[in-house]
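J.: Got a structure here, written out as structure tokens. Questions coming.
The values are calculated or read from the model by the stated rules, or taken from the named source; none is laboratory data. Quick caveat, the model's predicted, so the values are computed rather than measured. Positions of Cβ are backbone-derived with ideal geometry, glycine not excepted, and every protein chain shown enters the neighbour counts.
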Amino acid sequence: MHDALSLRRALRLATLPAPPDWLEIRLDAIVPPAEAWTQLRRRPLLLTVRTAAEGGKRRLSGAERQQLFLEHLPHASHLDLEIASLRELRAVHTAARRAGVGLVASFHDFNGTPTLRRLKALADRAVFAGAVVLKVATTTDNAAALARLVQFVGTEKRLPIAAMGMGRLGRVSRLMLAAVGSILNYVSLGPPAASGQWPAALFRRRLAELR
């Protein structure tokens, strides 16, 4: 959820066809009003304050990101922290752990898909940080890039992987990766937040057809 339209739709999930199981709230893009949180919490909430370098909608300082995370932590089931931000936002990670809020460690590559060795190294860091999920969103403009993500999901056994592609094969990648075991599959309630993202109801229908 990253704009006013997706917020409005999230607030009336019960009326939507095939609503998502979780809601991600991109606090770098939109901060729900105080009166909306009770209704939003009818679904598990994944809170994110994305850096501009990894796709954030605003250029926020580390202190500003920390404040947003800590202010809204009581609403969260999980937090998404970029692997690159784990050290800078250590206080957020510590507060989340004390509150029993799970960590989704994330990595985004808008230029390509790293080697399998590099992806395994990212998993090493996620495991060390105590993450419950590693999210990797990479650019999949060719079959080789998509194949690396599929192989990674199929071979990394230490923690669950949420993998998704962007770019030319992004939409194909998200269906394929969901079918082979990606644990979180990001969809949109309004305009897509990233290239390759499916509308929520359509994604659920297409995935059901594959299964």
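Here is a yes/no grid of residues against (1) of a type outside the set (Lys, Arg); (2) surrounded by fewer than 17 Cβ atoms within 10 Å (Cβ to Cβ):
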position	(1), (2)
91	yes, yes
107	yes, no
124	yes, yes
128	yes, yes
137	yes, no
152	yes, no
157	no, yes
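J.: Under 7 Å between Cβ atoms, which residue pairs at least 6 apart in sequence (or on different chains) link something in segment 95-113 that is touching a residue at least 60 places away in the same chain (Cβ under 8 Å) and of a type outside the set (Lys, Arg) with a partner that is in a loop (DSSP other than H, G, I, E, B) and buried (at least 22 other Cβ atoms within 10 Å of the Cβ)?
T.: What qualifies is 104/131.
J.: So, in segment 13-63, of the ones that are assigned to a helix (DSSP H, G or I) and small (Gly, Ala, Ser), which residue ends up modelled with the lowest pLDDT? Spell out how you get there, then give the answer.
T.: Taking segment 13-63 as the starting set, the residues that turn out to be assigned to a helix (DSSP H, G or I) are 13-15, 34-40, 52-54, 62-63.
Then drop every residue that is not small (Gly, Ala, Ser), which leaves 14, 34, 36, 52-53, 62-63.
Working: 14: 77, 34: 95, 36: 95, 52: 93, 53: 92, 62: 95, 63: 96.
Checked segment 13-63; the qualifying residue modelled with the lowest pLDDT is 14.
J.: Modelled with pLDDT of 95 or more and buried (at least 18 other Cβ atoms within 10 Å of the Cβ): which single residue out of 200, 193, 178 fits that description?
T.: Details: 200 fails: modelled with pLDDT of 95 or more; 193 fails: modelled with pLDDT of 95 or more.
The unique qualifying residue is 178.
J.: Further question: Looking only at segment 170-192, filter to residues that are touching a Gly at 6+ places or on another chain (Cβ under 8 Å) and of a type in the set (A, V, I, L, M); which one of those is farthest from residue 112 (Cα to Cα)? Step through it out loud before you land on a result.
T.: The initial filter retains those residues of segment 170-192 that are touching a Gly at 6+ places or on another chain (Cβ under 8 Å), namely 170-174, 177, 180-181.
From what's left, of a type in the set (A, V, I, L, M): 172, 177, 180.
Details: 172: 16, 177: 17, 180: 21 Å.
Here the answer is 180.
J.: If you go through segment 125-147 one residue at a time, do you hit one that is closer than 23 Å to residue 56 by Cα, of a type in the set (A, V, I, L, M) and assigned to a helix (DSSP H, G or I)? Working first, answer last.
T.: Of the residues in segment 125-147, the ones closer than 23 Å to residue 56 by Cα are 125-126, 129, 131-141.
Within this subset, residues satisfying the condition of being of a type in the set (A, V, I, L, M) are 126, 129, 131-134, 136-137.
Subsequent filtering for residues that are assigned to a helix (DSSP H, G or I) retains 126, 129.
Looking through segment 125-147, at least one residue is closer than 23 Å to residue 56 by Cα, of a type in the set (A, V, I, L, M) and assigned to a helix (DSSP H, G or I).
J.: If you don't mind, there's one more thing I want to ask. Report every pair of residues separated by at least 6 positions or lying on different chains whose Cβ atoms are under 7 Å apart, first residue within segment 47-70 and acidic (Asp, Glu), second not in a helix (DSSP H, G or I).
T.: Listed pairs, sorted by first residue: 54/82; 54/108.
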